[in-house]
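Asker: Pasting a structure below so you can have a look.
The values are calculated or read from the model by the stated rules, or taken from the named source; none is laboratory data. The shown structure was predicted, so the numbers you read here are calculated from the model rather than taken from an experiment. Note that we place each Cβ from the backbone using ideal geometry, even for glycine, and neighbour counts take in every protein chain shown. For accessibility, only protein heavy atoms count, side chains too; no ligands or nucleic acids. Shrake-Rupley method; radii C 1.70, N 1.55, O 1.52, S 1.80 Å.
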Amino acid sequence: MTCKYPWSSIYVDNDNGKFNVKPCCRASNSVGTADSIEEIYDHPALQQIRDTFSSGATPDVCSACVDKREHSRRDPVFKGDVGIVDWDIRTDHVCNLKCAMCNPYQSSKWHEDLDIYQEYFKDTTTPRRPPNWDYILKHTRNTARRIYLAGGEPFYSKQVLNFLAQLSKYPWNCANTQIEIQTNGVSLNNATFLLLQRFAKVHFCMSVDATEEVNHIIRFPTDWATFLDNYNQFKRINNNQMLFSVTVQAMNLPVLDTLVETFPEDRFILNQLNYPDILHINSLKPSVIQQVQRTTKLEQVKNMCDDYTYNAQGNAQLQKYLQDLDSQRNTRSAEFVPWVYL
């Protein structure tokens, strides 16, 4: 089976001055690095992936996606196109939230709590750098069929909003480019809403992990009323159905059914958290997992619980981590996520 993405798409993620080279976001890992966006498409590792597909085989980094045929749902967007028509852009680290499972590399807001982060985690705190937006505009105007933007938070980034404003000056892009935006849902204002309406094809995926106070603690400092107001505005553009992305973890596992039931007309993607380890569902006590297994109606959640292995050290570290965040952020995790403390 052949995937069109190594030929038609480009993945843009500037990691400490180097660009990660991947055939698409679903690849299991990077296959190299490049010094500039220009070097990504012709990188020898990507050419090897194309050659492997052309020979009838499947590259190792693509095997999970191809085996599930997950990419096929998007293939028709690119049928018949030549060259790069699909852009997957990880914009920068500018963000207005400091989610409990995030980090200073991906969120500028997390630098306010850098001391807590460095106490528990040893990975890089160097911020993700923004890409060359002039280059991207030059190579997407009048050609891009799809542009996916993720952050940070795209709606909180002046560079992203300026790029969309510049792109909206091209009638071809306004009519033909599908704009897809991953957003935390609490940064929309009227000017941005009007800007988005210049494009005929706009889709959103909202990141949410629970409702009300639980989501406030996880995706701090999300205000639930603001989230709902923006959700309703997004749906006006999004054909009256929203796509939600959920990070399944210790802090929200028992309330996922409540979240899904709150938005019965919408779709959910449930992504199990793998890092940081202390937020994995393995950090919950066995009694919590057993209760979720008995009550959940979500088959994917049941499957995640089937793979559970209790991590007592993770449980102790998670409690201390949340208590430190509570002290810094004036939150009350023991009250709103009590299953962590059982």
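Asker: Based on this model, can you work out whether residue 317 counts as surrounded by fewer than 16 Cβ atoms within 10 Å (Cβ to Cβ) and assigned to a helix (DSSP H, G or I)?
Answerer: no
Asker: Considering only residues that are within 18 Å of residue 338 (Cβ to Cβ) and outside any helix (DSSP H, G or I), which ones fall in region 254-288?
Answerer: 284, 285
Asker: Okay, moving on. From 161, 97, 114, grab the single residue that is under 30 Å from residue 8 (Cβ atoms) and either in a helix (DSSP H, G or I) or within 17 Å of the chain's Cα centre (by Cα) (or both).
Answerer: 161
Asker: Out of (1) without any contact (Cβ under 8 Å) to a residue 12 or more places away in the chain; (2) outside any loop (DSSP other than H, G, I, E, B), what's the single condition that is false for residue 291?
Answerer: Every listed condition holds for residue 291 apart from (1).
Asker: Which of (1) closer than 20 Å to residue 99 by Cα; (2) surrounded by 18 or more Cβ atoms within 10 Å (Cβ to Cβ); (3) in contact with a strand residue (DSSP E or B) (Cβ under 9 Å, 6 or more places away or on another chain) does residue 255 not meet, given it meets every other one?
Answerer: (3)
Asker: Does region 165-182 contain at least one residue that is open to solvent by 60 Å² or more (accessible area, probe 1.4 Å), touching a residue at least 60 places away in the same chain (Cβ under 8 Å) and over 17 Å from residue 237 (Cβ atoms)?
Answerer: No - not one qualifying residue is present in region 165-182.
Asker: Read through the list (1) open to solvent by 30 Å² or more (accessible area, probe 1.4 Å); (2) in contact (Cβ under 8 Å) with a residue 40 or more places away in the chain; (3) in a strand (DSSP E or B), then give the number of the only condition that residue 33 fails.
Answerer: (2)
Asker: Is it true that some residue in region 130-144 is among the hydroxyl-bearing types (Ser, Thr, Tyr), within 22 Å of residue 5 (Cβ to Cβ), open to solvent by less than 40 Å² (accessible area, probe 1.4 Å) and not in a loop (DSSP other than H, G, I, E, B)?
Answerer: yes
Asker: Give the number of residues within region 197-223 that are open to solvent by 50 Å² or more (accessible area, probe 1.4 Å) and either assigned to a loop (DSSP other than H, G, I, E, B) or out of contact with any strand residue (DSSP E or B) (no Cβ under 8 Å at 6 or more places or on another chain) (or both).
Answerer: Qualifying residue count, region 197-223: 7.
Asker: Considering every residue within region 120-132, establish whether at least one is within 17 Å of the chain's Cα centre (by Cα) and free of Cβ contacts under 8 Å to residues at least 24 places away in the same chain.
Answerer: No, region 120-132 contains no residue that is within 17 Å of the chain's Cα centre (by Cα) and free of Cβ contacts under 8 Å to residues at least 24 places away in the same chain.
Asker: Quick one: residue 282 ticks every box in (1) within 26 Å of residue 155 (Cβ to Cβ); (2) open to solvent by 30 Å² or more (accessible area, probe 1.4 Å); (3) in contact with a Gly (Cβ under 7 Å, 6 or more places away or on another chain) except a single one, so which number is it?
Answerer: Here residue 282 clears every test but (1).
Asker: Between 300, 328, which is in contact (Cβ under 8 Å) with a residue 12 or more places away in the chain, open to solvent by 40 Å² or more (accessible area, probe 1.4 Å), under 19 Å from residue 215 (Cα atoms) and in a helix (DSSP H, G or I)?
Answerer: That would be 328, the only listed residue that is in contact (Cβ under 8 Å) with a residue 12 or more places away in the chain, open to solvent by 40 Å² or more (accessible area, probe 1.4 Å), under 19 Å from residue 215 (Cα atoms) and in a helix (DSSP H, G or I).
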